[in-house]
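Structure first, then comments.
The values are calculated or read from the model by the stated rules, or taken from the named source; none is laboratory data. What you see is a predicted model; the values in this text were computed from it and never measured.
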Amino acid sequence: MPTCEAEFIAGSAAAQKTVWLRSIVHGVSLTTNRPTPLMIDNTGVAELAADNKASRRSKHRYQIPPHDMVRSRW
């Protein structure tokens, strides 16, 4: 598995856990209006996450199942 693909999968998992943690915080009546930063140290992963389009260089791009996608809720 290419490094970019592995880090993309790990970033997706981290984003899902962040959404889950924010829902717990919200559930105990604590709120924040600030976004939670997700630090990614791989430029290729950041570009794939921002654009969501495959290119020639990303021919082995990991396809995220629809139920694993994270959308902005706040």
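Numbers below:
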read-out	value
Within region 33-62, considering residues that are under 10 Å from residue 4 (Cα atoms), of a type outside the set (A, V, I, L, M) and in a helix (DSSP H, G or I), the one modelled with the lowest pLDDT	58
Considering residues of region 2-32 that are on the phi < 0 side of the Ramachandran plot and outside any helix (DSSP H, G or I) only, the residue modelled with the highest pLDDT	28
